[in-house]
Amino acid sequence: MKRLGPTILFISLSFLVGGCSGDGAADLQRWVKDQRKGRKPRVEPLPEIKTHESFIYTADNLTDPFAPFNLKPQGANKGGPQPDMNRRKEPLEDYPLDSLRMVGTLSRGNQSWAVIQAPDGAVYRAKVGDHMGQNFGMVTKITEERINLVELIQNPLGDWIERQANIAIVE
């Protein structure tokens, strides 16, 4: 009987382990197989390859786009306004126009000056005919509310054109 106990224990453990090792997913595998029966994979057709017409470039009869004549701006305005490049720059021309602030005016008799504060805190005075800003701006009129200027800027063709600008007083 002593020998029979371990044998029964071994046999019962074998059945127990064999029962747990069974694949319980057989019904799931059958369902997936049934679902795949009626389906066929759909393959998109390949896109049609478009052929392009070839172009033969012959530059023999065309002008060279990089010739010096074509690189220079055409129709430059020689009679229009020109900045004086030899003129000594004034202190207010070191700053962009939008960084300058008008803080007041001074006048004595018929002469008026605008009081201008630079970004670094320095205070300057400007009269009609003085220059300010980095675009060759010249003061044309000073009132108690604003300074009117005419700036010279270059257009894409290289011509110099005049542009009106002003600086209003900061309250």
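Quick note: the coordinates plus some simple rules give every number you see, no bench work behind them. Worth saying up front: this structure is predicted, and the values here are computed from it rather than measured. Quick reminder, even Gly has a Cβ in these numbers, built from the backbone with ideal geometry, and neighbours come from all protein chains shown.
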Original post:
Of all residues in the range 132-157, which are more than 29 Å from the chain's Cα centre (by Cα), more than 16 Å from ASP98 (Cβ to Cβ) and of a type outside the set (A, V, I, L, M, F, W, C)?
Top reply: THR140, LYS141, THR143, GLU144, GLU145
Original post:
Taking ASP94 and the conditions (1) farther than 16 Å from GLU144 by Cβ; (2) crowded, with 17+ Cβ neighbours inside 10 Å; (3) under 33 Å from the mean Cα position of the chain (by Cα), which numbered condition does it fall short on, given that it satisfies the others?
Top reply: (2)
**OP:** Could you grab me the full set of residues in the range 115-167 that are part of a strand (DSSP E or B), of a type in the set (A, V, I, L, M) and in contact (Cβ under 8 Å) with a residue 40 or more places away in the chain?
**Re:** ILE116, MET132, ILE147, LEU149, LEU152, ILE161, ALA165, ILE167
Original post:
Are any residues in the range 139-164 hydrophobic (A, V, I, L, M, F, W, C) and crowded, with 17+ Cβ neighbours inside 10 Å, and if so, which ones?
Top reply: VAL139, ILE142, ILE147, LEU149, LEU152
